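The values are calculated or read from the model by the stated rules, or taken from the named source; none is laboratory data. Note that this is a predicted model, so its numbers are computed, not measured. Note that we place each Cβ from the backbone using ideal geometry, even for glycine, and neighbour counts take in every protein chain shown. Quick note on the areas: whole protein, heavy atoms, side chains included, nothing else; ligands and nucleic acids left out. Shrake-Rupley method; radii C 1.70, N 1.55, O 1.52, S 1.80 Å.
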Amino acid sequence: MILIDALLSGVTLGGMYALIAMGLTLQYGVARIMNLSYGEFLIAAAFLAFWFFTGLGVNPPAGLLLVVPLAFLVNWAIYRALLTWLVARAKTRAALEVDSILATFGLLFVIQGIALVAFGGAYYSYSYLAVPVSVLGSTIAANRLVALAAAAVIGGGLYLVMTRTRLGTALRAVAVDPVAAQLVAIDIRAAAAFAFALGGGLVAAGGVLVSMFLTFSATMGVLFTMKALIVVIMGGVGNLMGCLVAGLLLGLAETLVSRFVDPGLTLAATFTLFLGILLWRPAGLFGKAAR
Amino acid sequence: MTFLPLIPATLLVAALATLPLYADGYCLSLSLSLLNYTVLATAWAMFSGPTRYVSLATVAFFGIGAYSVAVLGEVLPWPLVLLIAAAVGGAVALLVGLSTLRLSGVYFVVFTFGLAELIRQLVTWYEVNVTRALGRYVFVDVTQAQIYWQMLALATLVFLTGWLVGRSRLGFALRIIGDDETVAPHVGIDITIVKVALFALSAVFMTLAGAIMAPRWTYIDPAIAFNPMVSFQVLIMALLGGAGRLYGPLLGVIPLTLLFEFLIARFPNHFSIILGLVFLVIVYLVPNGVAGLTARRAAR
């Protein structure tokens, strides 16, 4: 069944997009940093997972336990070292947005340049759990299912943390109104740093999972940044449920177009979907009308 | 109301126009690339300076211009080719502007972030599926000196347009939008029309720059024409110089074009890293550009 085939791989891809976008929505919604170098961290994690697996014999799910905390620390350090300066300088939210766009755009080229020097422009992949599993009469590689399950666990865990714990509630409060959040004794600078680092951890998790079943190269980060941004905006900034729905929508649209129309037109499909949703609901699927 | 700056400007253009008569090939090609970046950075700042909407799509329009020449250069007379290229670039800008500039600035940034890649994919798809050849040869009978003169004319035109826009109602409206987008509609400004018009205008100049430069390559493919590095370099130059003033970008173009020329020859593999670091330094240390610094000193 070619349709079920396409739907299955669309859902796995969409699940990845949703997970990646959740991290970006934390960075943008809570920390107010529009991070254009986001996808570079995904590629860095993918290369790390590749190196762990082929060089050290550590399998990707175990690699996840090493890569994610590392990414959390690195992103926390980046926020503290590079971005707090911009936050302190910015007079308005719009000014911070422009500054963070510019700074992370520079960071994008630095990280991508380092990856190009280290790995060259070639495509990388490795074979982990590449055994066929039959689902609903169609076959799918086991690594895709593992990745999807891991993404669901991580995404579900994040959702519970954000909705059921004090920490999550504090983060959501900062996302809604940073000034009012201070009035109820939330340290918004610590919350922003934490949200940024958490976003970095999520994108690294996405990178490890994606590397299990997709080929990747040093220059591909920009594509993931773009898709994560599109998913975040389509779903409504700061909304985790929106990420899930928009991510799945994007994954399905891309897979269906590449399977039934032409693989060269996936990006066109992405942008058409993006524009269509924006023209219909300017604040995103789940966003409240802002401004 | 003063026309005084026009006199030294005219003299400068006249002096620059004589360059091909005595300069050697390397000097001419360097000057050409200076002019090219001047056009791109000034056109970029024309829209993004006053509105503070960061456009990352410079190379999308530049590439459209280059491709128009590659497709039509041999079949149509040159002025007509330029006209068509400008029309295509303007139309794409209108389409993008009308669909994203009505919304918040972030959507515009995200869209321009992907626009070059989107157009590159579409052109690649078209070339692979319809013409069945990825690259194209650009055979246009034109000397380097002629390209230089055309680019000089375009640069003059950009500055003249920017100067006129700055003194017109349109430019005034644009500055109000940049200062406070909530106030602007209350004083009777149709903010969407103004933003879209300026975006299209700046896009036309970028497209023309791409069209004029295209014959220098002789061979182009989508990866060459839509190289994201160009958008990045233009952004750096405009920011270093200062996007708030008409002459601002020029102050960034001259040192950085020379620096990049040197870097790409000496460190071709590390070019992108150094470029990113240079850019970070500019964002952190000279946020308003060199023009902003000198203006602040003068105001003191």
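If packing is taken as the mean number of other Cβ atoms within 10 Å per residue, what is the order of B:174-180, B:116-122, A:53-59, highest first?
Highest-to-lowest ranking by the protection proxy: B:116-122, B:174-180, A:53-59.
Averaged over peptide A:109-116, the number of partner chain Cβ atoms lying within 10 Å of each residue's Cβ comes to 6. Membrane-span-like helices in chain A, defined purely by DSSP H runs whose alpha carbon atoms cover 24 Å or more axially and whose average Kyte-Doolittle hydropathy reaches 1.0, are A:2-29, A:60-78, A:93-119, A:142-164, A:188-213, A:240-260.
Placing +1 on the Cβ of every Lys and Arg and -1 on the Cβ of every Asp and Glu, with no other charges, gives chain A a dipole of roughly 720 debye about its Cα centre. For A:Ala141, the residues whose amide H sits under 5 Å from its own are A:Val133, ignoring neighbours fewer than 5 places away on the same chain, with H placed 1.01 Å from N.
Counting only other chain Cβ atoms within 10 Å of each residue's Cβ, the peptide B:110-121 averages 5. Solvent-accessible area assigned to carbon and sulfur over region B:6-240 amounts to 69 percent, based on a 1.4 Å probe. Taking a point 7 Å from the Cα of B:Leu80 along the Cα-to-Cβ direction, none of the residues of region B:134-168 has its backbone N closer than 15 Å to it. Computed over the protein assembly as shown, the convex hull of the alpha-carbon atoms projects to a mean area of 28.8 nm².
Convert 25 °C to kelvin, take the viscosity as 0.890 mPa s, use the Kirkwood radius over C-alpha pairs of chain B as Rh, and evaluate the Stokes-Einstein diffusion coefficient in µm²/s, rounded to a whole number.
D = 124 µm²/s.
Binning the alpha carbon pair distances of region A:2-280 at 10 angstrom intervals from zero yields the distribution 7, 29, 37, 21, 6, 1, expressed in whole percent. Heavy-atom accessible area buried between chains A and B is around 3600 Å² (1.4 Å probe, both sides summed). Calculated [222 nm] ellipticity per residue, helices only, for chain B: -25000 deg cm²/dmol; basis is -39500 (n - 2.57) per DSSP H run with n ≥ 4, divided by all residues, nearest 500.
Heavy atoms of the protein chains alone define the surface here; on that basis the protein assembly as shown has 43 Å² accessible area per residue at 1.4 Å probe size. Full extension of the chain between A:Val133 and A:Val117 yields a length gain of 2.0 nm, computed as 0.36 nm times the residue separation minus the alpha carbon distance.
Spatial offset of region A:208-242 relative to region A:57-129 amounts to 13 Å, using the alpha carbon center of each. The heavy atoms of B:Ile273 offer some 30 square angstrom of accessible surface to a 1.4 angstrom probe.
Its DSSP H runs of at least 4 residues, each contributing -39,500 (n - 2.57), put the calculated 222 nm mean residue ellipticity of chain A at -24500 deg cm²/dmol, to the nearest 500.
Per residue of A:224-232, other chain Cβ atoms within 10 Å of the residue Cβ number 3 on average. Label positions at B:Thr182 and B:Arg167, each projected 7 Å from the Cα along the C-beta direction, are separated by 3.5 nm. For A:Gln182 and B:Phe139, the FRET efficiency from 1/(1 + (r/R0)^6), where r spans their Cβ atoms and R0 equals 60 Å, is about 0.35. In summary, the helical segments of chain B meeting the span-like criteria, namely a full DSSP H run, a Cα extent along the axis of 18 angstrom or more and a mean Kyte-Doolittle hydropathy of at least -1.0, are B:25-51, B:58-72, B:78-100, B:105-126, B:144-167, B:191-213, B:228-241, B:248-266, B:271-285. Within region B:1-97, the proportion of C-alpha pairs whose separation exceeds 24 Å stands at 44%.
Per-residue accessible area (protein heavy atoms, 1.4 Å probe) orders B:Phe139, A:Phe194 as B:Phe139, A:Phe194, starting from the largest. Figure the gain on full extension for B:Ala87 and B:Arg132 (residue separation times 0.36 nm, minus the Cα-Cα span) and round it to one decimal in nm. My answer for the length gained is 13.6 nm.
Computed from the C-beta positions of B:Ala265 and B:Tyr219 and an R0 of 30 Å, the FRET efficiency is 0.90 to the nearest 0.05.
Out of all Cα-Cα pairs in region A:1-159, roughly what percent, to the nearest whole number, are more than 18 Å apart? Roughly 67 percent, once rounded to a whole number. Between A:Ile2 and A:Arg166, the FRET efficiency from the beta-carbon distance, with R0 = 45 Å, is close to 0.40.
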